[in-house]
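K.L.:
The structure that follows is given in the form of structure tokens.
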Amino acid sequence: MDFFNWAYKALRGIELGHTTALYGNLAVNLVVIGIIAYVMDRIGKRLLEFTLSIVAKKTKTIFDDFLVENKTASYVAHLFPLYFIYSVLPKVLKAFIYWENMIFKGMSIAIIFLSLWIIRSVFNSLKDYLKLQPEYNDKPIDSYIQVIMIVLWIFAITAMVLILFNTTVGALLGTFGAISAIIILVFKDTILGFVASIQVTVNDIVRIGDWITIDKFGADGTVIEINLATVKVQNFDHTTTTIPTYSLISDSFRNWRGMMDSGGRRIKRHILIRANSVRFIHENEIEDLTKIQLIADYLKTRQADINKWNSQHGIDKSLSINGRNLTNLGVFRKYINSYIETHPGANKELTIMCRHLQPTEKGIPIEIYLFTSDKRWLNYEYIMADIFDHIIASVAYFGLEIFELPSGKGYIEE
């Protein structure tokens with residue numbers, strides 16, 4: 001106790017008044033405590049950073065390296081001078097009760113803030129570490145950490161309010177209940193983002209690395225970040241679209257993860273055949289069509305079956321419409337089906353189909369439906385183009401025509 005009163009005695013020795021000597025003693029003690037706390041902070045910071053860096057270099061794990069990068073040791077070092085001040089101040093402020101209460105409240109709040117900073121630093125280090133682990137690459141680690149930090153901030157703010165106003169938890173909850181409507185109105189977006197982030201995480205709706213499409217926001221690309229309030233999408237044109245997290249719950253969007261995880265990427269596209277180019281195939285045309293290797297066996301077998309059926313039923317074949325017949329469109333569909341079944345880019349284990357859709361005013365849609373074994377965008381587009389280049393070029397071999405809207409040149413020629 002005498003250590004903290006030496007300045008008071010010295011000031012009284014030079015015949016200063018009691019009050020002046022008391023405040024002078026307080027000022028000297030605060031300066032001395034401040035200097036000691038500063039020295040402790042600097043030494044503690046250097047010592048902890050040096051120790052942690054040595055440990056990080058000698059250990060195999062890289063988690064401690066991230067602790068060094070996120071300055072965890074620096075934040076922890078601040079605890080020592082704070083603890084020193086917290087321990088010494090009661091002796092210095094014994095004669096200043098009001099100031100003692102105010103400073104102690106400030107110190108308590110500073111310790112709460114510092115604790116949150118230390119926890120955040122550890123979580124940031126954990127986030128950096130987990131992002132390097134393959135099994136966590138697609139997990140929204142940022143969102144998890146933000147949710148935890150929000151909960152901790154709620155507890156911290158509650159504790160600070162209790163300290164500042166010397167109130168009880170019950171009274172504080174009653175006050176929050178009275179102003180809950182205002183709180184909900186002011187923090188509506190934050191609350192929606194918080195709830196949506198939990199739903200996105202728990203239900204595994206979106207992961208980092210997913211390809212998503214949201215027409216409302218013009219987003220079409222890869223998810224690169226999932227936060228509490230926003231989801232960042234890097235579009236294929238290298239622009240970035242920021243989407244509110246709660247929009248993933250309230251609005252519809254397309255997630256292509258199922259396609260990427262499946263055995264193939266779907267091709268579902270059609271060509272339009274002019275209806276007036278569809279006709280029956282005459283028997284004298286069969287020989288020419290059997291030169292097409294993919295359908296040669298089919299034509300021979302099919303025509304033999306048709307001839308047998310017509311003969312058994314006494315069909316008059318002086319008119320092609322009588323009995324059973326092959327059509328150029330039917331043979332063309334069979335050719336397309338055989339072609340895509342043997343195409344090297346098609347996944348033979350998934351659905352492969354050429355189908356006839358409802359005729360329209362623009363012609364008869366013939367749809368090609370299959371899955372490519374290569375899901376990469378460039379390769380997928382190449383396979384699809386290769387298939388349709390061949391199909392379009394093959395149409396003329398079957399006496400068919402592709403529908404096109406007439407152009408000015410077309411009108412002149414006609």
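The values are calculated or read from the model by the stated rules, or taken from the named source; none is laboratory data. Here the structure is a predicted model, which means the values were calculated and not measured. Cβ placement follows ideal geometry from the backbone for every residue including glycine, while neighbour counts extend to all protein chains displayed. Side chains included, ligands, DNA and RNA excluded: accessible areas come from the protein's heavy atoms. Shrake-Rupley method; radii C 1.70, N 1.55, O 1.52, S 1.80 Å.
K.L.:
Could you check how much of the accessible area of the chain is carbon and sulfur, as a whole percent, using a 1.4 Å probe?
P.N.:
Details: 15310 of 25160 Å².
Carbon and sulfur atoms account for 61 percent of the accessible area of the chain.
K.L.:
A follow-up question, please. Along the positive direction of the dipole of the chain (beta-carbon charges: Lys, Arg +1; Asp, Glu -1; about the Cα centre), which of SER320, VAL88, VAL233 reaches farthest?
P.N.:
VAL88
K.L.:
Expected output is a single nm value to one decimal: the length gained when fully extending between LYS131 and ASN227, i.e. 0.36 nm times separation in residues minus the C-alpha distance. What is it?
P.N.:
33.1 nm
K.L.:
Something else: Simple spin-label model, 7 Å along Cα-to-Cβ: TYR86 to PHE50 in nm?
P.N.:
2.7
K.L.:
Right, here's the next one. For region 104-155, what is the charge dipole size about the Cα centre, in debye to the nearest 20, if Lys and Arg each add +1 at the Cβ and Asp and Glu each add -1 at the Cβ?
P.N.:
For region 104-155, the charge dipole is close to 240 debye.
K.L.:
Please report the net charge: other residues with Cβ closer than 12 Å to the Cβ of ALA77, K and R +1, D and E -1. Don't jump to the answer; show the numbers that get you there.
P.N.:
Numbers: positive: ARG42, LYS45, ARG46, LYS71; negative: ASP41, GLU49.
Net of charged neighbours comes to +2.
K.L.:
What is the extension gain from GLU381 to VAL147, computed as 0.36 nm multiplied by their sequence separation minus the C-alpha to C-alpha distance, in nm to one decimal?
P.N.:
This chain segment gains 80.1 nm when fully extended.
K.L.:
Starting from 0.36 nm per residue, how many nanometres of slack lie between ILE43 and ILE109 once their C-alpha separation is accounted for?
P.N.:
21.4 nm
K.L.:
Using modelled amide H (1.01 Å from N, peptide plane; none on Pro or chain starts), what sits under 5 Å from the amide H of ALA219, excluding residues fewer than 5 places away?
P.N.:
ILE214
K.L.:
Which value, in debye to the nearest 20, describes the size of the charge dipole of the chain about its Cα centre when Lys and Arg Cβ atoms bear +1, Asp and Glu Cβ atoms bear -1, and nothing else is charged?
P.N.:
For the chain, the charge dipole is close to 1260 debye.
K.L.:
Can you list the HN-Hα couplings for region 253-263, worked out from phi with the Karplus curve (6.51, -1.76, 1.60; θ = phi - 60°), rounded to whole Hz and with x for Gly and Pro?
P.N.:
With coefficients 6.51, -1.76 and 1.60, one gets 8, 10, 10, 8, 4, x, 5, 5, 7, 7, x Hz.
K.L.:
Specify which residue in the list CYS354, HIS282, LEU329 is farthest towards the positive end of the charge dipole of region 248-358, using unit charges on the beta carbon of Lys, Arg (+1) and Asp, Glu (-1), about the Cα centre.
P.N.:
It is CYS354, whose Cα lies furthest towards the positive end.
K.L.:
Let me ask something else. For PHE371, which sequence-distant residues (separation of 5 or more, or a different chain) have an amide H within less than 5 Å of its own amide H, given hydrogens modelled in the peptide plane?
P.N.:
It is ILE267, ASN347, by chain and number.
K.L.:
Of [x] -0.65, -1.40; [y] -0.67, -1.57; [z] -0.94, -1.35, which is the value of log10 I(q)/I(0) by the Debye sum over Cα atoms at q = 0.10, 0.15 Å⁻¹ derived from the coordinates here?
P.N.:
From the options [x] -0.65, -1.40; [y] -0.67, -1.57; [z] -0.94, -1.35, the structure gives [z].
K.L.:
Could you work out how far helix 377-394 tilts from the main Cα principal axis of the chain, as a 0 to 90 degree angle to the nearest 10?
P.N.:
Around 10 degrees separate the two axes.
K.L.:
Go ahead and set up a Gaussian network model of the chain, Cα springs under 10 Å, then flag whichever of PHE123, PHE253, PHE398 fluctuates most.
P.N.:
Highest fluctuation among the options: PHE398.
K.L.:
Here's something else I'd like to know. Which residue fluctuates the most in the chain, going by a Gaussian network model with Cα springs under 10 Å, if the choices are LYS127, LYS375, LYS94?
P.N.:
LYS94
K.L.:
Please calculate how many Å² of accessible area the chain carries per residue, with a 1.4 Å probe and no DNA, RNA or ligand atoms counted.
P.N.:
The answer is 61 Å² per residue.
K.L.:
With +1 on each Lys and Arg Cβ and -1 on each Asp and Glu Cβ, how big is the dipole of region 315-393 about its Cα centre, in debye rounded to the nearest 20?
P.N.:
About 260 debye.
K.L.:
Follow-up. Can you count the Lys pairs in region 259-414 with C-alpha separation below 23 Å, eight or more apart or on different chains?
P.N.:
Qualifying lysine pairs in region 259-414: 16.
K.L.:
Still on this structure: Expressed in whole Å with the largest first, what are the equivalent ellipsoid semi-axes of region 34-110 derived from the C-alpha gyration tensor as the square root of 5 times each eigenvalue? If you can, show how the numbers build up before the last one.
P.N.:
Numbers: eigenvalues 231, 29, 10 Å².
So the equivalent ellipsoid measures 34, 12, 7 Å along its semi-axes.
K.L.:
Also, I was wondering about something else. Skipping prolines and chain starts, which residues have an amide H placed within reach, meaning under 5 Å, of the one on ILE273, given they are 5 or more residues away or on another chain?
P.N.:
Correct list: ILE364, ILE366, PHE403.
K.L.:
Might you work out the accessible area of HIS313 for me, using a 1.4 Å probe with all protein chains in place, and round it to the nearest 10 Å²?
P.N.:
Looks like 100 Å² after rounding.
K.L.:
Still on this model: Straight-line reach from LYS127: which lysines have Cα under 28 Å away, leaving out those fewer than 8 places along the same chain?
P.N.:
Partners within reach: LYS45, LYS57, LYS58, LYS60, LYS71, LYS139, LYS188, LYS232.
K.L.:
Another question, then. Helix-only estimate, please: 222 nm mean residue ellipticity of the chain, summing -39500 (n - 2.57) across DSSP H runs of length 4 or more and dividing by its residues, to the nearest 500.
P.N.:
One gets -19000 deg cm²/dmol as the mean residue ellipticity at 222 nm.
K.L.:
With a 1.4 Å probe and all protein chains in place, put ILE35, ILE198 in order of accessible area, largest first.
P.N.:
Largest accessible area first, the list is ILE35, ILE198.
K.L.:
Further question: So if R0 is 22 Å, what FRET efficiency would ASP297 and LEU357 give, r being the distance between their Cβ atoms, rounded to the nearest 0.05?
P.N.:
After rounding to 0.05, the efficiency reads 0.20.
K.L.:
Which of the listed residues, ILE402, GLY345, TYR380, is farthest toward the dipole's positive end in region 314-414, when Lys, Arg count +1 and Asp, Glu count -1 at the beta-carbon?
P.N.:
Of ILE402, GLY345, TYR380, it is GLY345.
K.L.:
Also, quick follow-up: What's the FRET efficiency of MET102 with VAL161 using the Cβ-Cβ distance as r and R₀ = 22 Å, to the nearest 0.05? Working shown, then result.
P.N.:
Working: r = 16 Å, r/R0 = 0.72.
Using R0 = 22 Å, I get an efficiency of 0.90.
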